[in-house]
1. If I go through segment 125-155 residue by residue, how many of them are assigned to a helix (DSSP H, G or I) and buried (at least 17 other Cβ atoms within 10 Å of the Cβ)?
2. I'd like to know if segment 101-108 contains one or more residues that are modelled with pLDDT under 75, closer than 26 Å to residue 27 by Cβ and surrounded by 17 or more Cβ atoms within 10 Å (Cβ to Cβ).
3. Inside segment 14-40, can you point out the residues that are of a type in the set (Ser, Thr, Tyr) and either part of a loop (DSSP other than H, G, I, E, B) or over 14 Å from the mean Cα position of the chain (by Cα) (or both)?
4. If residue 180 satisfies every condition in (1) modelled with pLDDT under 80; (2) part of a loop (DSSP other than H, G, I, E, B) but one, which is the exception?
5. Just wondering, is there one or more residues in segment 45-66 that are modelled with pLDDT under 90, closer than 19 Å to residue 144 by Cα and out of contact with any His (no Cβ under 9 Å at 6 or more places or on another chain)?
6. Looking at 72, 11, can you tell me which residue is part of a helix (DSSP H, G or I), within 24 Å of residue 143 (Cβ to Cβ) and at pLDDT 90 or above?
7. Going by what's in this entry, would residue 132 be described as under 24 Å from residue 48 (Cβ atoms), touching a Leu at 6+ places or on another chain (Cβ under 9 Å) and modelled with pLDDT under 80?
8. Report, by residue number, each residue of segment 43-65 that is without any contact (Cβ under 8 Å) to a residue 12 or more places away in the chain and in a loop (DSSP other than H, G, I, E, B).
Amino acid sequence: MTNLENLIEHWRAGDERAAEAIYNLHRERTFRLAYVLLGNTEDAEEAAQDALTYALVNIHHFDARRSKFTTWLHMITVSRSRDLLRKRRLPTFSLSNWLQGRTHPMDTNPGPELRVENNEIRSAIWQAIQELSPILREAIVLRYWGGHTYQEIAEIVGCPMKTAQSRVRLAHQNLSQTLAEADLGQIVEETP
């Protein structure tokens, strides 16, 4: 039994420290997913908080035989993010605002030229992602940011697996076209 499975069992038995540990373990990742989908810190905090609270209050609905806990939590997070988008009709945002002051993990003390170039590339990619339709953006973010399989994506967004694969493929095509127009080359799509 993994540490997470132990925490879930302890929380189901009423141990509030286990609930707090589950919350702390998934808080950052849940926030990041909501942030990528919503593009707004305040809304992402609200969606992440709501998703984590719902998951903890309704832990008895989680069935480890049907999915991983993270898949179930991401499904809730996507749902909460969609609800906020419907309510608020949020505009897109610039990646440069989001990345302000941050460096890419692969950059170890890059020079100023490399930092500017990396920021421009990130900004172009982020803008291209923001221009995708919400369903394509969800699919590509869940696949590459969340590291989910196509089956998990299908479970999270509530569609057949073939549809999840198609959405990721369409997102790749749209991103490749947009980035080619920006002279950033092709994004290589991995095979399903």
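1. Going through segment 125-155 one residue at a time, the tally reaches 18.
2. Among the residues of segment 101-108, not one is modelled with pLDDT under 75, closer than 26 Å to residue 27 by Cβ and surrounded by 17 or more Cβ atoms within 10 Å (Cβ to Cβ), which makes the answer no.
3. The one that is of a type in the set (Ser, Thr, Tyr) and either part of a loop (DSSP other than H, G, I, E, B) or over 14 Å from the mean Cα position of the chain (by Cα) (or both): 23.
4. All conditions pass for residue 180, except number (2).
5. Looking for residues that are modelled with pLDDT under 90, closer than 19 Å to residue 144 by Cα and out of contact with any His (no Cβ under 9 Å at 6 or more places or on another chain), one finds none in segment 45-66, hence no.
6. Selected residue: 72, the only one of 72, 11 that is part of a helix (DSSP H, G or I), within 24 Å of residue 143 (Cβ to Cβ) and at pLDDT 90 or above.
7. Criteria not met by residue 132.
8. 58, 63, 65
The values are calculated or read from the model by the stated rules, or taken from the named source; none is laboratory data. Source: prediction; values computed, not measured. Neighbour counts are summed over all protein chains in view; Cβ atoms, including those assigned to glycine, are modelled from backbone coordinates with ideal geometry.
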